[in-house]
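Only one structure is covered here, and it is reproduced in the block below.
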Amino acid sequence: MSARVCVIGAGVCGLAAAQVLKERGIPFDVYEKGSDIGGQWRFRNDSGASAVYDSIELNSSRDMSHFPKFPMPREYPLFPGHPQMLDYLERYTEHFHLRPHIRFRTEVAEVREEPDGGYQVTLGDGGSHHYTHVLVANGFHWDPKLPEPGYPGEFTGTQLHSKDYKTAEGLRGKRVLVVGFGNTACDIATELSTVAARVYSSARRGFWITPKYFFGRPADQVNLPFAKYVPPGVQSVTLTAMLWLMQGRISKYGLPAPGHLALRTHPATCEGYLPAVKAGRILVRPGIERFEGGRQVRFTDGSVAEVDTILWCTGFRFSFPFLPPELTPVMTGPMRLFRRVVMPGHDRLYFLGFAKTLSAITPVAEAQAEWVADLIQGRTRLPDRQRMAAEIAADERRVRRRYSATPKLTVELDVYRYLRQLLRDRRRHLVPGGPVQTPAPRTPIPAGTR
């Protein structure tokens, strides 16, 4: 049976998959719930899948954030915002002529595995189609997660999740409590500190905060040789020493000391947070203990604050509403997916882009798509189920050693080691006499993008 592939989602990872499939000459359809491409990076996306706020910038620099096959335009800012990222994805889509393959305003309602190993894909309009393979690229920044169980007591003020936050204007002059401590929490607290009456920042444990620049250069470019070639333990010690020299003890800002070396969990990357704390525009508090009624919040150190709005920066659930339980990967701990892509026993169902990285996801998405295309074309093959389970367990152990201070590992990923691993797999499991890759001729990249 000739291959026919279903791709779910037209964001970064869905577009990467579409580009590779088109280049390989593999028939495919992309289904996108929204009215246009972009996923997360289309501000106020009518698909409901975008959590970006107006002031967001990439934490990876322009020259480290593009797909390997398509550089970002040089006129973009060094750290692009969502308008540039969407423009880039639109240019990418047009350059590789992907639009004719995408069905917009089309939701995938259900994916069912069939006895022949293929999949029946049912759409929101009731239509149904058979595919030999399914690539899931619906992302994981769209289904808000709140603390469970909730905190005791009653709070009568406004509560928002970070997904609902778009600009600071609606909170001008308000007393705001930002709960959580990651990139989004630090960004939003910093932005609100310029317009809100008072901003509290609550975190249960200590984190490292890394700047976007080291020695006047983008941090990801300075760190590139370390990230690629230096053992993780040495990376952690080196970055910890650099942050101590640049910032001093984090506890002097009123923040809880991390209690671990840098990179043992994902740091928050933000330029303005620590200066705002030092200036008194952000007031640091520990975790919440309970609500005291009205608009009062009690923290674990016994202090109480009265706030108008609580803004929960507490992350997102991993949601696959179109998959039955037997096809849904375990997401309560480390992902039980071979190479973060394949669920053993369901070798034609692939998950793309479910990775939390210290750098851009674009090269990971493209590498995953290339490997999946090899599998679809029969150029390479998967190990047997027992071997895949052993490799998943070995990857989990490596990640636990690397991110030893992360309580619930799920999608943490060491990018450069992973990219090398995928390349080795593509070579190691070549099928003797398998089809030779003959990609379609590439369209020349427009001038000015390099």
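Throughout, read-outs are computed from the coordinates displayed, never taken from laboratory work. Note that this is a predicted model, so its numbers are computed, not measured. For neighbour counting, all protein chains shown are included, and Cβ atoms are generated from backbone atoms with ideal geometry for every residue, glycine included.
Overview of values
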| read-out | value |
| --- | --- |
| Size of electric dipole in the chain: Cβ of Lys, Arg +1 and of Asp, Glu -1, about Cα centre, debye, nearest 20 | 1460 debye |
| Rh by Kirkwood over Cα pairs, then Stokes-Einstein D for the range 226-372 at 1.567 mPa s and 4 °C, µm²/s | 66 µm²/s |
| Among R381, R74, R281, residue whose mean-square fluctuation peaks in a GNM of the chain (springs only between Cα atoms under 10 Å) | R74 |
| Partners for K252 among lysines (Cα-Cα distance below 24 Å; same-chain residues under 8 apart left out) | K212, K278 |
| Size of electric dipole in the range 202-254: Cβ of Lys, Arg +1 and of Asp, Glu -1, about Cα centre, debye, nearest 20 | 200 debye |
| Kirkwood hydrodynamic radius of the range 315-431, Cα pairs, Å | 14.8 Å |
| Fraction of antiparallel bridges per DSSP, the chain only, in percent to nearest 5 | 45 percent |
| Using alpha-carbon coordinates, inclination of helix 183-192 to the longest axis of the chain, degrees | 40 degrees |
| Distance between modelled label sites at T158 and R44, nm, 7 Å Cα→Cβ extension | 1.6 nm |
| On Cα atoms only, tilt of 362-377 relative to the major axis of the chain in degrees | 30 degrees |
| Helix 82-95 axis, angle to the chain major axis (alpha carbon atoms, nearest 10°) | 10 degrees |
| Cα lying deepest toward the dipole's positive end in the chain, options T132, W371, L146, charges on Cβ | W371 |
| Residues of type lysines that K69 reaches as a straight line, Cα spacing below 16 Å, ignoring anything fewer than 8 places off in the same chain | K22 |
| Convex hull volume per residue in cubic angstrom - Cα atoms of the range 147-312 | 127 Å³ |
| Reduced Cα scattering model of the chain, Debye log10 I(q)/I(0), q = 0.12 Å⁻¹ | -1.10 |
